[in-house]
Structures are given as C-alpha cells and as structure tokens.
Amino acid sequence: MNIRSIFNQLSPHACLLCGAAALLRPLCPGCLNDLPWHTQPHCPQCATPTPAGQVCGACLKRPPSFDRTVAALAYTFPLDRLIPRLKYHGRLPIAPALGECLAQAAEPHSQPDRLIAMPLHPTRIRDRGFNHATEIARAVSKRRGITLDTTSCQRIRDTPPQMGLKHDARRRNVRGAFTCSGKIEGQHIALVDDVMTTGTSLDELAATLKRAGAREVTCWVVARTLPPGDISGAR
C-alpha cells in the first residue's frame, strides 16, 4: 500500500448532501439521520403505508409473488433528486450511499441466501454504462456479507420505461421480461432495486424466480413511493 492510498483512507470524505466531513462514509451523521426513513406502519408485503401495519387491500386482492418488502426510505426529497442523478446522470458515488441506507434498514430482517439486482436489458446497459441497481446492491453485499448474484437473472425484453404507465399497463409491459438460468431451488432471494412504485417489475421478477424454484423472495428497495398527499412516511 503506497502513501497516497493510506492518506486517502485516513482523510475525511465529503458528505454527498451537505459537503461536510463524513469520515469514511458517503453521508455525514446529520444528513443520514435527517433522511426520510420509512418508519411508519406499512403493509409487510409491499411496504405501502397502512394503519397498524396491516396487509393492504391491493395485496389482499391480488397477492404479489414476492413475500415481503423492506423499504429503507420514502421517495421524497432528497431521494427524488439523488436517485435520478444516479440513474440518468451517472453520479456513481451516490450508489454506495443508497446501498448503506438499504443495508441498515435490512439489518433486523432475516439474511437471504443471495442478492439479485433488478436486471437491465443489455441495450440499456450499453446506453447507460452501468446498472444502478447492481451498484446499489454491491454496497449492500459488502456491508451484509451476502453474495451478489449478477448472472442468474436476465432481462430478455427491452421494455419501455414504466414511468407514466398505469398499473395494468405496467403489468403488461413487463410480462415475460425476465428469465432465470441459475440454480436457486429452495433459496431465499432478496431482490435489490432503487424505487418501488406499483411493484409490478419486482412482482414479475419474483414470479420468474418462484417458477425457477426459489423458496422465498423478498424485495429490498432503497425508497418507496407514498400515496398522493401522504408525507407521513418521512420523518
């Protein structure tokens, strides 16, 4: 190890949000504490806010293929600025910060056998240069000591963006979009993604994994969108 690398490890890093010294973490303690943590009671399956943490009506009416959801944060400021900057502007240093938040939120929950990041179609990866969900999952994998599987699942259809589509259109859009070639029989898989809105993409991927023999599928998402007008998920 040379002197420069030792100095880089010892010198403070700047917080991504306020620029203050953050030691070896991407966010300083103050900004980390002020994030809109998703702490309010919510549906255990899809993490949408519900009274007393009851299963929501949508999940009762049409149970998703995933078994539960861990959402670290509410998709409000500053997440609605940070995540688009990562996805569409290549601000890769944001990914470890989001991954740290997700790893922290997932600590009380059972350890899965492996992590699988939401796959992007190869065309999208060539255009963007990276898969943001994979970059987030790397930080979770490192902190939690869970294997990150980047080969078992592929997106085989280059579907249009889900943004702006209604729920049924989103479901049709991702139908048959994924394939699983890995040996995952009897395993608990955690799917890592940036934001859950309707959960249709995660539901389709979870269904693919269940057909391949997965015992349990949990969604680990950085942020959950809130119903219109609901800001109670952010503290």
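Quick one: putting +1 on the C-beta of Lys and Arg, -1 on the C-beta of Asp and Glu, what dipole do you get for the range 37-224 around its Cα centre, in Debye to the nearest 20? Could the numbers behind the result be given before it?
Details: 27 positive and 16 negative charges, 88 e Å.
Using only the charged Cβ atoms, the result is roughly 420 debye.
When the helices in the chain are scored as -39500 (n - 2.57) per DSSP H run of 4 or longer and the sum is shared across all residues, what 222 nm value do you end up with, to the nearest 500 deg cm²/dmol?
Calculated mean residue ellipticity at 222 nm is -10000 deg cm²/dmol.
Please count, across the range 37-224, the pairs of lysine residues with Cα atoms under 27 Å apart that sit 8 or more places apart or on different chains.
Number of lysine pairs found: 8.
To the nearest 10 degrees, how steep is helix 79-89 against the longest Cα principal axis of the chain, on a 0 to 90 scale?
That works out to roughly 90 degrees.
What's the extension gain from SER181 to ILE125 if we count 0.36 nm per residue and subtract their Cα-Cα distance?
Numbers: separation 56, 0.36 × 56 = 20.16 nm, distance 1.96 nm.
That pair, SER181 and ILE125, stretches by 18.2 nm at full extension.
From the C-alpha coordinates alone, can you work out the Kirkwood hydrodynamic radius of the range 37-224, in Å?
Evaluated on the range 37-224, it is 16.5 Å.
Going by a ≥ b ≥ c, the root eigenvalues of the Cα gyration tensor, does the range 99-146 fall in the rounded group (a/c under 1.5), the prolate group (a/b larger than b/c) or the oblate group?
Numbers: a/c = 3.22, a/b = 2.32, b/c = 1.39.
The shape class here is prolate.
Please give the net charge around ARG215, taking every other residue with its beta carbon less than 11 angstrom from that of ARG215, where Lys and Arg add +1 and Asp and Glu add -1.
-3
Ranking request for peptides 120-126, 51-57, 28-34: highest mean number of other beta-carbon atoms within 10 Å first, then the rest in descending order. Don't skip to the end; give the middle numbers.
On the way: 120-126: 13.4, 51-57: 11.1, 28-34: 15.3.
Per-residue mean Cβ counts within 10 Å order the peptides as 28-34, 120-126, 51-57.
Using amide H atoms built 1.01 Å from N in the peptide plane, name the residues 5+ places from ALA214, or on other chains, whose amide H lies under 5 Å from its own.
Sorted by chain and number, the residues that satisfy this are GLY186.
Just want to confirm a number: the relative contact order over the range 37-224, from Cα pairs under 8 angstrom separated by 6+ residues, in percent.
Details: 353 pairs, mean separation 50.8, N = 188.
Normalised by residue count, the contact order of the range 37-224 is 27 percent.
Any chance you could run the full-extension gain for LEU24 through TYR88? It's 0.36 nm times the residue separation minus the Cα-Cα distance, nm to one decimal.
20.5 nm
Taking H as built 1.01 Å from N, whose amide H comes closer than 5 Å to the amide H of PHE178, not counting residues under 5 places away?
Residues meeting the amide H criterion: ILE156.
Which listed residue (ALA206, THR48, ALA21) has the Cα farthest towards the positive end of the charge dipole for the chain, taking +1 on Lys and Arg C-beta and -1 on Asp and Glu C-beta about the Cα centre?
Projecting each Cα onto the dipole axis, the largest value belongs to ALA206.
Can you give me the angle between helix 94-106 and the longest principal axis of the chain, using Cα atoms only, in degrees from 0 to 90, rounded to the nearest 10?
Roughly 60 degrees, rounded to the nearest 10.
Which residue, GLY145, PRO119, ALA177, has the largest displacement toward the positive end of the dipole of the chain when charges sit on each Cβ (Lys, Arg +1; Asp, Glu -1)?
The residue sitting farthest along the positive end of the dipole is ALA177.
Values in this text are rule-based calculations from the coordinates and carry no lab data. The model shown is predicted, which means the values in this text are computed figures rather than measured ones. When we count neighbours, we look across all protein chains shown, and the Cβ atoms used for this are built from the backbone with ideal geometry, even at glycine.
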